[in-house]
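As structure tokens, the structure follows; a few thoughts come after it.
The values are calculated or read from the model by the stated rules, or taken from the named source; none is laboratory data. Please read these numbers as outputs of a predicted model, since none were measured by experiment. Methodologically, a virtual Cβ is constructed for each residue, glycine included, from the backbone with ideal geometry; neighbour enumeration extends over all protein chains shown. Keep in mind that these areas ignore ligands, DNA and RNA; they rest on the heavy atoms of the full protein, side chains included. Shrake-Rupley method; radii C 1.70, N 1.55, O 1.52, S 1.80 Å.
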Amino acid sequence: MKLFNAKLGWGLLLVLALAFPFLAGNDYHLTVMSTAYIYAIATIGLNLITGYTGQYNLAHSGFMAVGAYTVGILTVDYGVSFWVAFALSGVVSAALGFFVGIVSLRLKTHFFSIFTLCVGYIMYLVIEKWESFTHGTVGIMGIPAPESIGSLDFSEPRTQYYLVLFFLVASLWIMHRIVHSLLGRTFMAIRNGDELAQALGINLMRNKLLAFMLSVFFSGMAGGLYAGYVRFLGPGVASVEHTFDMTMYMLVGGIGTLLGPLLGAISVPWLTQYLQFLQEYRFVVFGPVLVLLVIFLPHGVVGTYMNRQRRKAAMRAPAAPPASTPAAPASAAVAAPKGGAKHA
């Protein structure tokens with residue numbers, strides 16, 4: 001029954017997503033939602049290394065920029081097809097993640113986060129200063145839209161929306177397969193404690209590195225989609241602020257869950273859009289709302305709901321029958337006669 005409800009819920013979300021272009025008032029709404037989907041893909045990747053493996057990577061937006069610039073440089077400077085460049089976006093990010101992970105994953109807890117923060121800033125500086133390769137602060141302009149596939153023309157906002165939605169659904173399906181596999185349980189064992197994982201015979205470095213590479217692969221793929229959708233890139237794509245945004249999406253939705261990052265990545269941008277009438281004061285309202293949410297829902301919306309469902313299920317579960325008292329030995333079962341034994 002629980003599995004049926006989960007499938008029904010995901011099915012309803014998919015139907016709503018498919019129907020959204022017909023419900024949206026204009027192309028601007030499609031742009032907001034498509035961008036939210038792209039960052040949702042990157043947040044799903046961050047959730048794998050942070051929520052499921054317990055390693056907080058602050059260079060995540062830098063790897064997203066690597067994927068975006070892979071598409072931008074190959075298509076604009078070398079005339080490579082978008083689809084070829086897009087196929088390489090996640091691969092290049094994962095390959096770079098291999099070398100970064102080998103060094104950084106030897107560190108633990110906040111030392112790992114500080115190291116990756118420095119790595120992310122180095123990525124930002126490389127993109128900003130290496131003008132002959134990355135175009136520097138001028139950025140890369142004129143990135144082509146994805147080439148048509150048959151009758152599908154991806155230069156239109158609606159078809160671009162469905163393209164991004166397709167990769168979001170595929171990313172969620174792949175992540176579901178990962179976290180519910182033996183590999184996903186291995187990642188969660190590492191999250192619960194290195195010593196526990198080692199006691200179970202888990203190779204810590206190998207599995208942490210694999211989780212890191214998978215995580216930045218999703219980030220690079222999201223960057224490739226971002227380049228083809230926005231069609232302009234600047235060094236700001238690699239800013240650590242985007243990593244903090246994705247962290248906020250995880251915290252709002254529920255870190256360590258599949259639905260949580262998706263819910264946060266969609267709801268938070270729309271909330272900021274609806275607060276635009278406050279102009280520069282919107283963050284005065286948005287900030288306290290987030291603080292209250294973290295205080296009263298520390299596990300996020302989805303995490304809190306799942307915890308309540310578990311508690312209800314535990315309360316409804318039948319109590320175990322009390323252990324029966326062992327029978328007395330036959331020799332002790334014979335009672336002494338009243339008044340005691342009479343002496344001759």
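Please work out the FRET efficiency for the pair SER151 and VAL91, using the Cβ-Cβ distance as r and a Förster radius of 25 Å; give the result to the nearest 0.05. That pair, SER151 with VAL91, gives E of 0.30.
Of the residues PHE218, THR159, HIS176, the one whose Cα sits farthest towards the positive end of the charge dipole of region 131-236 is HIS176 (charges of +1 on Lys and Arg Cβ, -1 on Asp and Glu Cβ, taken about the Cα centre).
Rounded to the nearest 20, the size of the Cβ-charge dipole of the chain about its Cα centre is 2160 debye, with Lys and Arg at +1 and Asp and Glu at -1. Measuring r between the beta carbons of LEU12 and SER132 and using R0 = 56 Å, the FRET efficiency lands at 0.65. When nucleic acids and ligands are ignored and a 1.4 Å probe is applied, THR75 ends up with an accessible area of around 10 Å². Per-residue extension of 0.36 nm, minus the Cα-Cα distance of ARG206 and LEU183, leaves a gain of 7.1 nm for this segment. Surface composition of region 212-256: carbon and sulfur atoms hold 67% of the protein heavy-atom accessible area at a 1.4 Å probe. Evaluate the Debye formula for the chain with equal point scatterers sitting on the alpha carbons, no solvent, and hand back log10 of I(q)/I(0) at q = 0.08, 0.15 Å⁻¹, in q order, two decimals. At q = 0.08, 0.15 Å⁻¹ the computed log10 ratios are -0.44, -1.37. Roughly speaking, to the nearest percent, how much of region 1-79's 1.4 Å accessible area is carbon and sulfur? The C+S portion of the solvent-accessible surface of region 1-79 is 72 percent. Setting aside same-chain residues fewer than 8 positions from LYS108, which aspartates and glutamates have a Cα under 18 Å from its Cα? Excluding near neighbours in sequence, the set is ASP194, GLU195.
The relative contact order of the chain comes to 29 percent, based on Cα pairs under 8 Å that sit 6 or more residues apart. Seen against the Cα atoms of the chain and their longest principal axis, helix 204-230 is set at about 40 degrees. Looking at the chain, the accessible area is 55 square angstrom per residue; that uses a 1.4 Å probe and ignores ligands, DNA and RNA. Look at where the Cα atoms of region 235-257 and of region 144-204 average out, and the two centres are 16 Å apart. Compute the helix-to-body angle for 27-47: its Cα long axis versus the longest principal axis of the chain, expressed 0 to 90° and rounded to tens. For 27-47 against the chain, the angle is about 50 degrees.
Only protein heavy atoms count here; on that basis, with a 1.4 Å probe, VAL103 has an accessible area of about 80 Å². In the chain, the longest principal axis of the Cα atoms and the axis of helix 182-192 are about 80 degrees apart. For region 143-200, the fraction of 1.4 Å probe accessible surface lying on carbon and sulfur atoms is 62 percent.
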